[in-house]
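Participant: Provided herewith is a single structure, encoded as structure tokens, for subsequent inquiry.
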Amino acid sequence: MKLKTVKALLWFFLGIGTITGAARFLFGLGATTNLTDTTPWGIWIGFDVMGGVALAAGGFVLAGSVYILRLERYRPIVRAAVLTAFLGYLAVAVGLLFDLGLPWNIWHLIIFWNPHSPLFEVGWCVMLYLTILLLEFSPVVLEKIPALESVCKALKKAALPLVVLGIMLSTLHQSSLGSLMLIMPFRLHPLWYSPILPVMFLVSAVGLGLAMVIFEATVTGWLYDREHETDLLSGLGKAASVVLGFYIVLKLVDLAVQGKFGFLFQHSWETWIYWLELILSAALPAALLSRQRIRNSKAGLLSSATLVVIGFVWNRINVSGIATIRATGTDYVPSLIEISISLWVVSAAVLVFLFFVEHFKVWEEEAGTRDALHAPPVFEPVSQTWNDETFYGSVKRHSLVYAMGAALALMLLPQDARTGAQPVVIPVQRARIADKLVIDGNRSGMAVSFDHDLHKQKNGETESCRLCHHMRKPLDKTTPCADCHRDMQRMTYIFDHDLHREKLQAQDGCVKCHENTNLPKTFKTVTDCETCHTDMRLQNSVIKVDEKTPKNYAGGYQDAMHGLCITCHTQKKEELKKPRHDECATCHRDLPKMVIAKLDTLYGRLP
Amino acid sequence: MKAILTDVSKCIGCDKCVEACDSEQKQRPYKLWKWSSDDGLSGDRFTSVLRLDNNHYVRKQCRHCVSPACVSVCPVGALKKTPEGPVVYDADKCMGCRYCMMACPYGIPRYTWQDAVPLVRKCTMCYENRIKQGKQPTCTEACTEEATIFGERNHLLTVAKRRLRQQSDKYIQKVYGEKDVGGTGVLYISPVKLNFLGWKEEVGTNPLPLLTAPAMTAVLPAFFTVGAGMTALHWITKRRQMVAEMKQTETTHIKPLDRSSEDETENS
């Protein structure tokens, strides 16, 4: 029953992933993922690739223990571990195909070389190691075919060199996945960045590999109701606790050597995540597995192995993603489509694993009992019917949940994933009051009456929209007024050097302004404009030239008008018998009454 | 090596360079996407003008590093540092891993995420159409204020340093890009602090590819060391087993039967 439920669930995920996967290839990454320019790697790298490769480490660890260290008692589970590794790496490769922008170019790795790139090295290693795992595992399939007995024998003989080569390759790429991040010292949070990341990745892969073997054996044991020798797994647990202990020491010593110990006690969310990761992945399971009582109990083994698995997948996601959030300032949460595709990959791998378990001698014992689940229909001579309960029963069930998953995905597919990515639209507010808009164009808290039609007309009709509307400036809804009307509120510098030189006749003219010839001819040392242009600023000018205003600058147009007119009119209100001339609406005649009332409440009538 | 010098004090933020670049590179119209970052660069825009404090403006673009991180990490060598200086991209080689985007200390390469066949896009200093013909890039040509100028890197460095010296009170005494991450092909001088440059304010003077170099040079030695180690280990365990078997034969005078795994577990 539990097997049926688990399988149905996996087929359900397959159904969802088929649809979302199709959407990803049809409409591209932008339409289906939450990846951004600043977060170009997401869950497919963090979980599928980084996590996947680490989870598949059980293969080389166990093969090494049996073939190199000759711990013969682990031989019964070595095939399952190699199969897990093979499927794990296959899942990594398939997951990568979803993540790559141009997956049909993945073979370029073979012909275009860049040996300086860690990713190049990882790519090659994974390719070769996949081949080796295939060869290591193929006897399990080939031994069923009598015609290929000789091939099978040859492969079994070659097992030792294959295992050695597999360990060599695994050492390289498990560590090189850590080297990937070495070039990003600014992106990664200091707690995670370390020059010995490759070593950490390798050590953690060994620990995780051991835990993964325990995890997988316990879970499949539960699924197929088969008992494992607990002492076998507890031996692995003991080894794992040693490796994990070493990992913690390595981490802490590295932090101390780098002088980053202080970060461990900083008040930031990264610190919490780091502690959680360290405790989940290594500290807690290492402590648990070091106790013989826990090691010998099934629940203890399973729970500590699960902790390690979750902890290290979390670690890989942290290193390749979460640790970069502070530097890039962009959060990234994987989209449901990304998660569903990751689930698709995992479900497919698990289903293939279960298929092999049911049909081949994955554990060194007969798989006979499980065959019944998938037995082909048998002809019943008495009732003249095909007895297809076990075969078609499961096919029917799986097709149903698969279709259900696909239908659900189709129904819930977001808009972008149906039509391709659409740009973000920021709606433009229509002119509600006549054809004038009261806008705060400069975002300075000051509103002006803006004649939209006039601007449109003067700047070239429809062509001119882009001059203001969310086209020119990043993340700006409209271009600020002052971008074109540069002198609007600013002190303006209108000095024309060439004109002055021409009018003052070159050399003689120079000395007029640059009086002291010893000083560098800069703006700071020059004679004030007012020395010659005595009328530039009248003695009784109302434009206030305060300390901050740079000399030689003229006041802005807006300042001049507001400063001169309003101040004067306020002062001489009674005298001039024009009491309303200091109000906004006196000049801004085109403002509707409503707006004037609004302006009056906002800024008040001038005193 | 060719380079570009941008003087922030001269830039008036007119966006002429952006317009020139867009038309030279035949860019699609700029659109805002959910993945766009707020610096204005995108898969369809190679340079953008940012507003700084005190009405200063600065142009953001690819720095064309002297030892570029993006080139060193590209697994298929789609990114290349040309002898003239620009870092260029070969779309035919790319497989879309986006490692260059992760590795760039300035976060420059962008992706055309909206396409089903996406590409990495970034400033090429107009390498194909202009630099190769001995012309200057379109952005420096378009600048009316001479705020961004093109030339030999060494020459531009002297120009920049002269300006710093002559107007020492105006500028921050640093040529941005002279030594950062081993030197960049795009230099800045500025009266205000330029902290927009990278993921961190200070990116150091060490070329980034040197960070991965030790790990990468260790690859082959590690490969063979592990191989030799494993073979040696295998030899040792095999010999130990043989010795143990021989001892057993000596004591029991019976030829040992085929040893199965159960025997081994019992013994241990």
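Participant: Search the stretch B:217-234 for residues being more than 7 Å from every other protein chain (Cβ to nearest Cβ) and part of a helix (DSSP H, G or I), and hand back the single one that is surrounded by the most Cβ atoms within 10 Å (Cβ to Cβ).
Facilitator: B:G229
Participant: So, one more: Would you confirm whether or not the stretch A:91-107 contains a residue that is within 14 Å of chain B (Cβ to nearest Cβ), of a type in the set (D, E) and more than 21 Å from A:V346 (Cα to Cα)?
Facilitator: Among the residues of the stretch A:91-107, not one is within 14 Å of chain B (Cβ to nearest Cβ), of a type in the set (D, E) and more than 21 Å from A:V346 (Cα to Cα), which makes the answer no.
Participant: For the stretch B:79-92: of the residues being surrounded by fewer than 24 Cβ atoms within 10 Å (Cβ to Cβ) and touching a helix residue (DSSP H, G or I) at 6+ places or on another chain (Cβ under 6 Å), which is nearest to the other protein chains (Cβ to nearest Cβ)?
Facilitator: B:K81
Participant: Please verify whether the stretch B:24-46 includes one or more residues that are away from chain A (no Cβ under 11 Å), hydrophobic (A, V, I, L, M, F, W, C), surrounded by fewer than 23 Cβ atoms within 10 Å (Cβ to Cβ) and not in a strand (DSSP E or B).
Facilitator: no
Participant: A:F263 versus (1) in a helix (DSSP H, G or I); (2) aromatic (F, W, Y); (3) within 14 Å of chain B (Cβ to nearest Cβ): which is the lone unmet condition?
Facilitator: (3) is the only condition that A:F263 fails.
Participant: Pick from B:L50, B:L5: which is within 11 Å of another protein chain (Cβ to nearest Cβ) and either in a strand (DSSP E or B) or among the polar types (S, T, N, Q) (or both)?
Facilitator: B:L50
Participant: Oh, and also: Can we say A:V141 is away from every other protein chain (no Cβ under 14 Å), among the hydrophobic types (A, V, I, L, M, F, W, C), surrounded by fewer than 17 Cβ atoms within 10 Å (Cβ to Cβ) and touching a residue at least 12 places away in the same chain (Cβ under 8 Å)?
Facilitator: Against the criterion (away from every other protein chain (no Cβ under 14 Å), among the hydrophobic types (A, V, I, L, M, F, W, C), surrounded by fewer than 17 Cβ atoms within 10 Å (Cβ to Cβ) and touching a residue at least 12 places away in the same chain (Cβ under 8 Å)), A:V141 qualifies.
Participant: While we're on this one: How many of the residues making up the stretch B:56-78 are in contact (Cβ under 8 Å) with a residue 24 or more places away in the chain and either surrounded by fewer than 22 Cβ atoms within 10 Å (Cβ to Cβ) or in a strand (DSSP E or B) (or both)?
Facilitator: Within the stretch B:56-78, residues that are in contact (Cβ under 8 Å) with a residue 24 or more places away in the chain and either surrounded by fewer than 22 Cβ atoms within 10 Å (Cβ to Cβ) or in a strand (DSSP E or B) (or both) number 8.
Participant: Follow-up question, since we're still on this one. So, in the stretch A:247-270, of the ones that are surrounded by fewer than 15 Cβ atoms within 10 Å (Cβ to Cβ) and aromatic (F, W, Y), which residue ends up nearest to A:I325 (Cα to Cα)?
Facilitator: Out of the qualifying residues, it is A:W269.
Participant: Right, something else. Taking B:V76, is it at the interface with chain A (Cβ under 7 Å from one of its Cβ atoms) and either touching a His at 6+ places or on another chain (Cβ under 8 Å) or not hydrophobic (A, V, I, L, M, F, W, C) (or both)?
Facilitator: Spelling it out, B:V76 is indeed at the interface with chain A (Cβ under 7 Å from one of its Cβ atoms) and either touching a His at 6+ places or on another chain (Cβ under 8 Å) or not hydrophobic (A, V, I, L, M, F, W, C) (or both).
Participant: Could you go through the stretch A:248-263 and let me know if any residue there is out of contact with any strand residue (DSSP E or B) (no Cβ under 6 Å at 6 or more places or on another chain), charged (D, E, K, R), under 18 Å from A:V78 (Cβ atoms) and modelled with pLDDT under 90.
Facilitator: No, the conditions are met nowhere in the stretch A:248-263.
Participant: Looking only at the stretch A:413-426, how many residues end up being free of Cβ contacts under 8 Å to residues at least 60 places away in the same chain and touching a helix residue (DSSP H, G or I) at 6+ places or on another chain (Cβ under 8 Å)?
Facilitator: 1
Participant: Assuming B:A160 fulfils every condition listed in (1) among the hydrophobic types (A, V, I, L, M, F, W, C); (2) assigned to a loop (DSSP other than H, G, I, E, B); (3) more than 10 Å from every other protein chain (Cβ to nearest Cβ) apart from one, which condition is it?
Facilitator: Checking B:A160 against (1) among the hydrophobic types (A, V, I, L, M, F, W, C); (2) assigned to a loop (DSSP other than H, G, I, E, B); (3) more than 10 Å from every other protein chain (Cβ to nearest Cβ), the one that fails is (2).
Participant: Scan the stretch B:125-157 for residues that are among the acidic types (D, E) and assigned to a helix (DSSP H, G or I) and jot them down.
Facilitator: If the condition is that a residue be among the acidic types (D, E) and assigned to a helix (DSSP H, G or I), then B:E141 is the only one that fits.
Participant: Please specify each residue of the stretch A:171-191 satisfying the condition of being closer than 30 Å to A:V82 by Cα, more than 18 Å from the chain's Cα centre (by Cα) and either more than 9 Å from chain B (Cβ to nearest Cβ) or not in a helix (DSSP H, G or I) (or both).
Facilitator: Matches in the stretch A:171-191: A:H173, A:Q174.
Participant: Sticking with this one: Restricting the search to the stretch B:163-188, which residues are in a strand (DSSP E or B) and more than 18 Å from B:V49 (Cα to Cα)?
Facilitator: Scanning the stretch B:163-188 gives a single hit, B:T184.
Participant: Just the residues that are among the charged types (D, E, K, R) and at the interface with chain B (Cβ under 7 Å from one of its Cβ atoms), please, taken from the stretch A:17-49.
Facilitator: Residue satisfying the conditions is A:D37 alone.
Participant: Going by the structure shown, is A:V126 in a helix (DSSP H, G or I), touching a residue at least 24 places away in the same chain (Cβ under 8 Å) and more than 7 Å from every other protein chain (Cβ to nearest Cβ)?
Facilitator: For A:V126, the condition - in a helix (DSSP H, G or I), touching a residue at least 24 places away in the same chain (Cβ under 8 Å) and more than 7 Å from every other protein chain (Cβ to nearest Cβ) - is met.
Participant: Which condition breaks for B:E19 when tested against (1) buried (at least 21 other Cβ atoms within 10 Å of the Cβ); (2) in contact (Cβ under 8 Å) with a residue 60 or more places away in the chain; (3) more than 8 Å from every other protein chain (Cβ to nearest Cβ)?
Facilitator: Looking at each condition in turn, B:E19 falls short on (1).
Participant: Here is a further query. Considering only residues that are closer than 20 Å to B:I108 by Cβ and touching a residue at least 40 places away in the same chain (Cβ under 8 Å), look in the stretch B:190-199 and name the one that is nearest to the other protein chains (Cβ to nearest Cβ).
Facilitator: B:W199
Participant: Give me a count of the residues in the stretch B:101-120 that are of a type outside the set (F, W, Y) and either at the interface with another protein chain (Cβ under 7 Å from one of its Cβ atoms) or under 15 Å from B:S23 (Cα atoms) (or both).
Facilitator: Number satisfying all stated conditions: 11.
Participant: Is at least one residue of the stretch A:68-90 away from chain B (no Cβ under 14 Å), outside any loop (DSSP other than H, G, I, E, B), touching a Pro at 6+ places or on another chain (Cβ under 9 Å) and surrounded by 23 or more Cβ atoms within 10 Å (Cβ to Cβ)?
Facilitator: The answer is no; no qualifying residue exists.
Participant: For the stretch A:74-124, give me each residue that is of a type in the set (D, E) and in contact with a Gly (Cβ under 9 Å, 6 or more places away or on another chain).
Facilitator: A:D99
The values are calculated or read from the model by the stated rules, or taken from the named source; none is laboratory data. Just so you know, these numbers come straight off a predicted model, no measurement behind them. Virtual Cβ from ideal backbone geometry, glycine too; neighbours counted across all protein chains shown.
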